[in-house]
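**Student:** What follows is a structure written as structure tokens; I'll ask about it next.
None of the figures in this text is laboratory data; all of them are computed from the coordinates on show. Here the structure is a predicted model, which is why all the values come from computation and not from measurement. Positions of Cβ are generated from backbone atoms using ideal geometry, with glycine treated the same way; all protein chains shown enter the neighbour counts.
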Amino acid sequence: MEKKRANDEFEPGPILPSQSVDRFEFIKQEQNSSEGLSTSRSANEHEREERRIRKWRKIIGVGGSDWKQYVRRKPHVVKKLIRKGIPDCLRGLVWQLISGSRDLLLMNPGVYEQLVIYETSASELDIIRDISRTFPSHVFFQQRHGPGQRSLYNVLKAYSVYDRDVGYVQGMGFLAGLLLLYMSEEDAFWLLVALLKGAVHAPMEGLYLAGLPLVQQYLFQFEQLVKEHSPKLGQHFSEEMINPSMYASQWFITLFSYSFPFPLALRIWDVFLFEGVKVVFKVGLALLKFCHDDLIKLPFEKLIHALRNFPEDAMNPDTLLPLAFSVKVSKRLEELQQEYEKRNGGTLPKAGSTNRLLQAIKHKELSIKPERSNCVQKDDPSPRILH
């Protein structure tokens, strides 16, 4: 992936007024792979969800006031609850709490507005060209220059100013777009900062730096894990000259937010924000394990297609995620990271090593321009909570 306009495969198609939407507000498509994972709920399921919401509200407290104390007292309970899925109406708030982004926002009052309104970015035209490619089938983003596209532009532009070393890379749009479906612009921006700069877990900015160094590391680790967890499949991949860059790069660059069914992507993000990137490896290995018997029979061309188009039953979160959670990778990931660093002579930033960028940014440190930049007007910043 390069810091330039993406291929035409990302161009959105026309949205017809007569099309209906699912409960996540995506335009329903014929034979959509997520159709089988959808939407209507029985009365019993609805009541069960209401009980979950009440339980979560009690844990969180008003505005998240009880969250930190509860996590300190019962981290294993929280982990178990998150793996079962965060209630959708609370997802935005919980994501901010578990990512550390709420603290960043409170440390930096007014900074987001300064970045959007007064700063300029060399990436502005690239962002404008690319925003229509992010979740084009979602009603929030479908209108050209509408509220969703304006908000997405503002978040991506602000980040490209905040961290000029990373700037803007197209895959970032899917991360920011997903966040905007559950929170305000400012909240989404600081969660993006928390992820890329490592407020809680290891920084993810290497996914988008020149040369994609973190992507290269992850692909090395994943290839070794495939050989260890599914040796026959790993051997078949070697014989067919298949490597993870042919099918898994996108998993890491967009954190499953681009091509995976939305209900599954949300469940993965729930766990990812709490447990870190290891869940991406777990899900990838679980997918290969689930489809092992079919994949091992396929020649190169069909194998590539299958690895980019997993069957619907493999994408069911209630089936796939328990399988993923059974995969143990933490210790081995650390060992493989050390091996990769020795081979390549250098280390990427660790969690907590970017404190300077995570500290409060003083207004005097911003190179405020005397006139406003040519930015898209901000939309209503109120949180967008899906039900």
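**Student:** Can you tell me the length gained on complete extension of the stretch D165 to R52, counting 0.36 nm per residue apart and subtracting the Cα distance?
**Tutor:** Values: separation 113, 0.36 × 113 = 40.68 nm, distance 4.20 nm.
Computed gain between D165 and R52 is 36.5 nm.
**Student:** Given points 7 Å out from each Cα along the Cα-Cβ axis, report the S65 to V139 separation in nanometres with one decimal.
**Tutor:** My value for the distance between the label points is 3.4 nm.
**Student:** Within the stretch 69-145, which GluC sites (Glu not before Pro) sit in a loop by DSSP and count at most 14 neighbouring Cβ atoms inside 10 Å? The partial results should precede the final answer.
**Tutor:** Numbers: sites: E113, E119, E124; in loops: E119.
Sparse-neighbourhood loop GluC sites (Glu not before Pro): none present.
**Student:** Tell me, what is the FRET efficiency for L323 and A210 to the nearest 0.05, using R0 = 51 angstrom and their Cβ-Cβ distance as r? It would help to have the intermediate numbers written out before the result.
**Tutor:** Working: r = 36 Å, r/R0 = 0.70.
For R0 = 51 Å, the calculated efficiency reads 0.90.
**Student:** Separate question: Using θ = phi - 60° and the Karplus curve 6.51 cos²θ - 1.76 cosθ + 1.60, what whole-Hz ³J(HN,Hα) does each residue of the stretch 252-265 get, with Gly and Pro shown as x?
**Tutor:** Taking θ as phi minus 60°, the curve returns 7, 5, 10, 6, 6, 8, 8, 10, 7, x, 4, x, 5, 4 Hz for the stretch 252-265.
**Student:** Relative contact order for the stretch 214-297 using alpha-carbon pairs under 8 Å, separation at least 6, rounded to a whole percent?
**Tutor:** 31
**Student:** Still on this structure, please answer the following. Contour minus end-to-end for V77 and K342, with contour as 0.36 nm per residue of separation and end-to-end as the Cα-Cα distance? Write out the running numbers ahead of the final one.
**Tutor:** Working: separation 265, 0.36 × 265 = 95.40 nm, distance 3.75 nm.
Here the answer is 91.6 nm.
**Student:** R0 = 25 Å: FRET efficiency of K232 with D313, Cβ-based, nearest 0.05?
**Tutor:** Working: r = 22 Å, r/R0 = 0.86.
My answer for the efficiency is 0.70.
**Student:** By average Cβ neighbour count within 10 Å, what is the ranking of 104-111, 260-267, 305-312, 160-167 from highest down?
**Tutor:** Sorting 104-111, 260-267, 305-312, 160-167 by mean packing, highest first, produces 260-267, 160-167, 104-111, 305-312.
**Student:** In whole Å, what is the distance between the alpha-carbon centres of the stretch 201-276 and the stretch 296-346?
**Tutor:** 6
**Student:** Which of P263, L285, L225 sits farthest toward the positive end of the charge dipole of the stretch 210-344, with +1 on the Cβ of Lys and Arg and -1 on the Cβ of Asp and Glu?
**Tutor:** The Cα lying farthest towards the positive end belongs to L225.
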